[in-house]
Each structure stands twice: as C-alpha cells, then as structure tokens.
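Presented below is the structure to which this report refers.
The values are calculated or read from the model by the stated rules, or taken from the named source; none is laboratory data. The model shown is predicted, which means the values in this text are computed figures rather than measured ones. So basically every Cβ, Gly included, is an ideal-geometry build from the backbone, and we count neighbours across all protein chains shown. Note: accessible area is taken over every heavy atom of the protein model, side chains too, but ligands, DNA and RNA are not part of it. Shrake-Rupley method; radii C 1.70, N 1.55, O 1.52, S 1.80 Å.
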Amino acid sequence: VNTGEAVFAMSRPTPQDIQVRPATARDYEQVMSISEGVYSGVDYLPVRYHEWLEDPKRRMFLAKFDGRVVGFESFVVVDAGVTAVLQGLRVSPRMRGRGVAGIMQQTCIDNLQSNYPDVTRIRLTRLEEPTPSMLSKYRMLHSKAVVSVILPHDQLDHAVKLLKHRVQSAYGRRPLVALTPEEVLSVFENSCTAEGLLPKGLLIQGWLPLSIHRSNLELLLQRGVVWFHSEHSEETSAKTSKSRNTSDAISPSSEFLSLGTPPYSVPLGDGMHRFDIDLFGTDPIAAEAHVLHQLIEGVRLLPTGGGVICFLYAEKSLEAELTHFCQGITPFPLWNKQLVLEQDI
Ligand SMILES: CC(C)(COP(=O)(O)OP(=O)(O)OC[C@H]1O[C@@H](n2cnc3c(N)ncnc32)[C@H](O)[C@@H]1OP(=O)(O)O)[C@@H](O)C(=O)NCCC(=O)NCCS
C-alpha cells in the first residue's frame, strides 16, 4: 500500500464526496477492477456489462471517490414500466462499510423519481438475510433454496448418466421438450398456472424477479432462456402422495416449470461457465426430471472443453430432495438462499 492509498483507505466519505454518474463502455476495466472476487468467481457482470449498456430499459451508474471508481449499481425497468429491479451492486473492497452502497441506492431512487414517474416500486434479490435496517425499508416477498454443484468438463458425461439413472419416472424415458415462444405465452394465458406455480406471482430468471406480464415474457424470450413445462403424470402423483402426510399437507401441484439461462463464462477460469436453472413447482419427481433435461440442454450449449457450475433455485420444500439427487457430484456451496425484496418509492 503506497502512501496515497493509505490516505484513500482511511478517508470516510460524506455523500458530497461521492460523485455518481452514468457508466459507459470505457468504464468497463475499472468496474471489473473493483469486482475482483465478487461472488467467488461466478460474477455475471463481466459478461453482462456490455449487453446491459445496449438495453434501453436499463441505467447503469458508477460512484467515484477521489477520482477513482468505488462503486457500481444499475436498474432495469420491468413489469410494463411500473417496477425497477436493482442489479449489479458492488463497492470496492476497501470502501465497504462506509455508506457507499446506500448512496448508490439513493441515486437510483432519485433518478427513477425524476425520470420514470410510472415506476412506483423497486425490487431486488439478495443472498443473505436482510439487516434490520433493510427490513425497515423493504418487504420480503419470497425466499428460495439454492443447491449448486461444479462439473468440470471431464465430469459432465458421468454426471448426466448418474442423474439419468436417478430419474426413474416416465419423465426420464420421455424427454421434456423446450417450449416454443408461442407455447411460453400460452402457458401464462392460463391464470391458474401463474397462481399455482409462482409464489407471489414472481417469475425469477437468473436473479431477475419479474411479475407475470406479457412484456416480461417477451423480454425473457429475447434472452435465449430454455423453458420446460410439464403437467401431471401418474408416477409423479403416486410418489408425491406417498412421501407426504396427505391429511393436512397443502395439496401439491404436479405442474412444473423450469427456466435455464444459457451457460456463460465466469472469471473463475478453466473453461467454467455459470448455469442458472430456476425451478417453479413443488413436485420432487418433476423437479429432478427438469434438472436433468436442463442440464442436458445446457451441456449442449457449452463451447468445446467447457464445464459448468450449476445453480438450482427451488422452493425450500425441494431442497433436501435436490441435494440428495445431486449426491456424488461435487457441491459448490456458495449461496444457500435467494431472497426477493420490494420497496414502494
Ligand atoms: C454489498 C455491498 C455492495 C455493500 O456495500 P457497502 O458500501 O459496504 O454498504 P453500505 O456501507 O452502504 O451499507 C449498507 C447500506 O446499503 C444497503 N445495502 C447493503 N447491501 C445491499 C444490497 N445487497 N442490496 C440493497 N441494499 C443494500 C443497506 O440497506 C445499507 O443501507 P442503510 O445504511 O440505510 O442501512 C458490498 O459489501 C459489496 O460490494 N459486496 C460484494 C458484492 C455483493 O455481494 N453485492 C451484493 C449483491 S446482493
């Protein structure tokens, strides 16, 4: 640490000391330099940064202190213009704990209030329980479990075989077929699907929490997301009812939905790609079949020699079953929950 940095490290900024301005393509390297180690090498921002700049519904901000980039935050307007989702928040390691994140959040809110009068709420995802101070501002909408495994290239075939062997229902023999865009829209025309499958009506794709609105579905269709949807099978219900106390349990729906975000490369290196699979529904047999078929599809999309870190986001009632399902594959225990919070502005 040189003398300049020591002074920098000791200074405590007031809001006036922090300049927040729009982020541009030229700021990429500096934003990456404050992002080292974020999410233990499975950060999405290196891949998303330039895509996000092209998105007319998104605004990206930098915080500068003493001429250096010390923070990044963005929001994207969704739900047909009434909600902004905050994403990408990070503060340089040596500036953490001094209110920079709070200043950036306030900047986003100020910008929304001035430029997006129709936006009445902000939403965000989190991987840790919110602090009491956050809970005084945000309400918790939903919490899902996260199960994750790492599959280097040379273990992919073995893992797919192992999971195929474990999926014993009719699903295993009859592959799920990815939905076409028309089929995606028609699944959600049935309002029972939204109510039965999506707690609080939230469709969360790769940490982006959306309500069911046609404009949101169209947004997801542009992203190359792989959608599987399945309904009742006899074997599904048989196993489901055997494994539950049927007298007082909430009747489980055998309808199931999964969204696979195409794998993308992450800073971890060694050809590793992050692969997010969002699962909706409570039927364990269906969940396993969806994971298997999403994995097969994800592996098909990988470049030669690539491996994956696979994150499964599911209802908490499926956590034990999915952990068991993945036994024998190396866990990648980074996060264990995905929380969605919302605040009216
Ligand atoms: C999380 C992180 C951005 C916090 O930055 P920070 O500058 O140390 O945080 P602050 O000192 O401003 O204090 C936290 C304030 O920001 C808010 N905040 C902190 N983390 C937040 C989060 N993930 N989402 C929303 N608000 C958050 C808190 O409510 C708090 O506001 P308050 O002072 O009114 O209570 C920082 O630790 C970081 O960069 N971590 C690595 C990347 C990361 O984990 N990002 C979080 C994505 S969920």
Whichever residue in segment 10-56 is outside any helix (DSSP H, G or I) and in contact with a Leu (Cβ under 8 Å, 6 or more places away or on another chain) and, among such residues, is nearest to the ligand (Cβ to nearest atom):
35
Consider segment 1-35. How many of its residues are at pLDDT below 60 and within 22 Å of the chain's Cα centre (by Cα)?
0
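Tell me, yes or no, whether segment 85-95 has at least one residue that is part of a strand (DSSP E or B) and at positive phi.
Looking only at segment 85-95, we keep the residues that are part of a strand (DSSP E or B), and these are 85-91.
Narrowing further to those that are at positive phi: 88.
The answer is yes, given that some residue of segment 85-95 is part of a strand (DSSP E or B) and at positive phi.
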Across segment 330-341, what is the total count of residues that are farther than 18 Å from residue 206 by Cβ and either at pLDDT below 95 or open to solvent by less than 20 Å² (accessible area, probe 1.4 Å) (or both)?
1
Matching residues in segment 36-59 - criterion: being over 15 Å from the mean Cα position of the chain (by Cα), hydroxyl-bearing (Ser, Thr, Tyr) and either surrounded by fewer than 19 Cβ atoms within 10 Å (Cβ to Cβ) or not assigned by TED's automatic domain parsing to the domain that holds residue 83 (or both)
40
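Answer yes if at least one residue in segment 131-148 is within 12 Å of the ligand (Cβ to nearest atom), among the β-branched types (Val, Ile, Thr) and modelled with pLDDT of 95 or more, and no otherwise.
So in segment 131-148, the residues within 12 Å of the ligand (Cβ to nearest atom) come out as 131-138.
So of that shortlist, the ones also among the β-branched types (Val, Ile, Thr) come out as 131.
Adding the requirement that they be modelled with pLDDT of 95 or more leaves none.
Checked segment 131-148: no residue is within 12 Å of the ligand (Cβ to nearest atom), among the β-branched types (Val, Ile, Thr) and modelled with pLDDT of 95 or more.
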Residue under question is residue 194, and the condition is that it be more than 16 Å from the ligand (Cβ to nearest atom) and at pLDDT below 95; does it hold?
yes
Would you confirm, using the coordinates I've provided, whether residue 252 is open to solvent by 20 Å² or more (accessible area, probe 1.4 Å) and either modelled with pLDDT of 95 or more or within 28 Å of residue 37 (Cβ to Cβ) (or both)?
no
Say we look at segment 129-156 and pick out the residues that are of a type outside the set (Asp, Glu) and in a helix (DSSP H, G or I); which of these is surrounded by the fewest Cβ atoms within 10 Å (Cβ to Cβ)?
132
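Before we move on, is residue 309 in the same structural domain as residue 153 (by TED's automatic domain parsing) and either open to solvent by 10 Å² or more (accessible area, probe 1.4 Å) or not in a strand (DSSP E or B) (or both)? Reasoning before the result, please.
Values: in the same structural domain as residue 153 (by TED's automatic domain parsing): yes; either open to solvent by 10 Å² or more (accessible area, probe 1.4 Å) or not in a strand (DSSP E or B) (or both): no.
For residue 309, the condition - in the same structural domain as residue 153 (by TED's automatic domain parsing) and either open to solvent by 10 Å² or more (accessible area, probe 1.4 Å) or not in a strand (DSSP E or B) (or both) - is not met.
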Check segment 171-186 and report whether any residue there is open to solvent by less than 30 Å² (accessible area, probe 1.4 Å), within 16 Å of the ligand (Cβ to nearest atom) and over 23 Å from residue 36 (Cβ atoms).
no
Somewhere in segment 115-128, is a residue within 14 Å of the ligand (Cβ to nearest atom), loosely packed, with under 15 Cβ neighbours inside 10 Å and in a helix (DSSP H, G or I)?
no
Within segment 90-114, the residues that are within 15 Å of the ligand (Cβ to nearest atom) and touching a Lys or Arg at 6+ places or on another chain (Cβ under 7 Å) are 98
Go through (1) within 13 Å of residue 342 (Cα to Cα); (2) assigned by TED's automatic domain parsing to the domain that holds residue 62 for residue 100 and report which single condition fails.
(1)
